[in-house]
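Encoded as structure tokens, the structure appears first; notes follow it.
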Amino acid sequence: MAKTKDNPKTLKIRRAFGAVLRELREAKELSQEGLAAAAGLDRTWIGILERGENLPTLHTLLLLGRALDIPAHRLVAKVEAALAEGQGRR
């Protein structure tokens, strides 16, 4: 998969999504492998997302939400809140 184009806004979104995903995964006491298995994804994809190297597709977002027992719209809302708090910076 191609890396999402680097522009400042996209970079902040990728990083915020990654931070939220890691936080939710750790709150469920799941390893990257455990989350990947629950979502039907490859573990390396979880790492790529958590490091903010790419953004998920809508399909992947729905799979992650189900695996984390959180509706996709709440997952997106958490990313929006993280952006508002400045978590997309590094």
Note on the range 1-52: residues polar (S, T, N, Q) and either crowded, with 18+ Cβ neighbours inside 10 Å or more than 24 Å from Ala84 (Cα to Cα) (or both) are Ser31, Gln32, Thr44
Pairs needed: first member in the range 39-65, acidic (Asp, Glu); second member anywhere, surrounded by 14 or more Cβ atoms within 10 Å (Cβ to Cβ) and assigned to a loop (DSSP other than H, G, I, E, B); C-beta distance under 9 Å; at least 6 residues apart or different chains.
Glu53/Thr4
So for the range 54-69 (the condition being over 12 Å from the mean Cα position of the chain (by Cα), of a type in the set (Lys, Arg) and over 20 Å from Ala84 (Cβ atoms)), does at least one residue qualify?
yes
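The numbers here are math on the coordinates, done by the rules we state, and not lab data. What you see is a predicted model; the values in this text were computed from it and never measured. Please note: Cβ atoms are built from the backbone with ideal geometry, for glycine as well, and neighbour counts cover all protein chains shown.
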